[in-house]
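Take a look at the structure below.
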Amino acid sequence: MGSDCIFCKIRSGAIPSEILHDNDACFVIRDIQPKAPVHLLVIPNEHVTFVSTLGLQHDAIMGSLFRTAHEAARREGISGTGYRLVVNQGPDAGQAVDHLHLHVLGGRRLGEMG
Ligand code: AMP
Ligand code: ZN
């Protein structure tokens, strides 16, 4: 656990937050500043910081992250209309929380990226 990590604190219950779904690999919360009608975060239980630090040992967790994202989208009713998955890596992408996470955005027609 990252001792000063907001997502680790949410996972442990130190910071109260509604956990929509969780499993052995990851958990799902609503983004506090939603950029779309549905904006979820799928977060590994393990304090993995960046895409750049991923190793072979994380392959199963990453697979679960994507499957959990689709399941969360289905529960929100947007799996049919579609959604966007985003991972920010580093400063140019604006990564604000150094605990890797998948954004799930949907519920409206999304604009072009970039
Ligand atoms: P990123 O820029 O990819 O690091 O995204 C971090 C995201 O975490 C931002 O979209 C924030 O709005 C979101 N966030 C930060 N703190 C919280 C929190 N306590 N609960 C839910 N979402 C949060
Ligand atoms: Zn963390």
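The values are calculated or read from the model by the stated rules, or taken from the named source; none is laboratory data. What you are looking at is a predicted structure, and each value in this text was computed from that prediction instead of being measured. As a convention, Cβ positions derive from the backbone with ideal geometry for all residues, glycine included, and neighbour counts pool all protein chains shown. Surface accessibility is based on the protein's heavy atoms, side chains included, excluding ligands, DNA and RNA. Shrake-Rupley method; radii C 1.70, N 1.55, O 1.52, S 1.80 Å.
State the number of residues belonging to segment 29-80 that are open to solvent by 50 Å² or more (accessible area, probe 1.4 Å) and assigned to a loop (DSSP other than H, G, I, E, B).
So the count comes out to 11.
Taking Arg109 as the residue in question, decide whether it is open to solvent by 80 Å² or more (accessible area, probe 1.4 Å), among the basic types (Lys, Arg) and outside any loop (DSSP other than H, G, I, E, B).
Numbers: open to solvent by 80 Å² or more (accessible area, probe 1.4 Å): yes; among the basic types (Lys, Arg): yes; outside any loop (DSSP other than H, G, I, E, B): no.
Taking the combined requirement at face value, the residue does not satisfy it.
With within 16 Å of ligand 2 (Cβ to nearest atom) and at pLDDT 95 or above as the only criterion, which of Ala72, Ala14 stands out?
Numbers: Ala72 fails: within 16 Å of ligand 2 (Cβ to nearest atom).
Answer to the selection: Ala14.
For a quick check of your reading of the model, give me the residue pairs whose first member lies in segment 98-114 and is touching a residue at least 12 places away in the same chain (Cβ under 8 Å), whose second is within 16 Å of ligand 2 (Cβ to nearest atom) and among the polar types (S, T, N, Q), with beta-carbon atoms closer than 7 Å and at least 6 apart or on different chains.
Matching pairs, first to second residue: Asp98/Thr49; His99/Thr49; Leu100/Thr49.
For Asp4, which of the numbered conditions (1) surrounded by fewer than 11 Cβ atoms within 10 Å (Cβ to Cβ); (2) part of a helix (DSSP H, G or I) fails to hold?
Among (1) surrounded by fewer than 11 Cβ atoms within 10 Å (Cβ to Cβ); (2) part of a helix (DSSP H, G or I), Asp4 violates only (2).
For segment 81-106, name all the residues that are part of a loop (DSSP other than H, G, I, E, B) and either of a type in the set (D, E, K, R) or under 13 Å from the mean Cα position of the chain (by Cα) (or both).
Of segment 81-106, the ones part of a loop (DSSP other than H, G, I, E, B) are 81-82, 87-90, 94-101.
The answer is Val87, Asn88, Gln89, Gln95, Ala96, Val97, Asp98, His99, Leu100, His101.
Any residue in segment 56-84 that's of a type outside the set (Val, Ile, Thr): show its pairings with residues that are in a helix (DSSP H, G or I) at Cβ separation under 6 Å, as long as the two are six or more apart or on different chains.
Close Cβ pairs (under 6 Å, with a partner that is in a helix (DSSP H, G or I)) amount to Ser79/Ala73; Tyr83/Ala73.
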